[in-house]
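Below is one structure, written out as structure tokens, with a few remarks after it.
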Amino acid sequence: MSPRRVGVLVAAMLVAPSAILAQTTKPIAAPGALTPQTAIAFGAIGEKATPVTPATPLPVGGVREAFQLADRNTAAASVKLYGGDYVFSQTCSAYGSVKLEVKGPDGTTWLAMTTRTTADTTSGSGFAFGSGAEVRVSLSGTTGCFASLSRVPA
């Protein structure tokens, strides 16, 4: 680079900051009562949006999961769970056994959580599962069997 060109670049860098600072811009604002466009907001359709701030954090609900593990006496494929507290419920028109199983730490063996030989008389039984647990139901000698596993939101 020639010495003259270097001199022009240095002069431009010295003049440019003052020229930039001398410029004025109008503030950017959303019209009316709209939420500023840079804000994350939430709210129901047709209502005013509420911006997310430390005073009004984003509302979050617990993870909701529900699995039909058996339907009309056919066991579904195993499912991976988010983890947490779950309710297992089942009923059959005729019983042998309904077994809720979780895959063991070796990644191969299925371990029995519970075995039922009669219909649930309440809404089901509670079980806690670790994050990423894989579960299934196995049916033996049953007819007309239904089984479900639902996560209890935290």
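Observations on the structure shown:
- Taking other C-beta atoms within 10 angstrom as a stand-in for reagent exposure, Phe67, Phe42 fall in the order Phe42, Phe67, fewest first.
- Cut-off 12 Å between beta-carbons: net charge of the residues surrounding Val79, Lys and Arg +1, Asp and Glu -1: +1
- For segment 85-154, convex hull volume per residue from C-alpha positions, Å³: 80
- Sequence ranges 142-152, 127-137, ranked by mean other-Cβ count within 10 angstrom, highest first: 142-152, 127-137
- Local electrostatic count, Gly141, Cβ distance below 15 Å [Lys/Arg +1, Asp/Glu -1]: +2
Rule-based calculations on the coordinates, nothing more; no lab input. What you see is a predicted model; the values in this text were computed from it and never measured. Because the Cβ atoms are built from the backbone with ideal geometry, glycine has one as well, and the counts that use them run over all protein chains shown.
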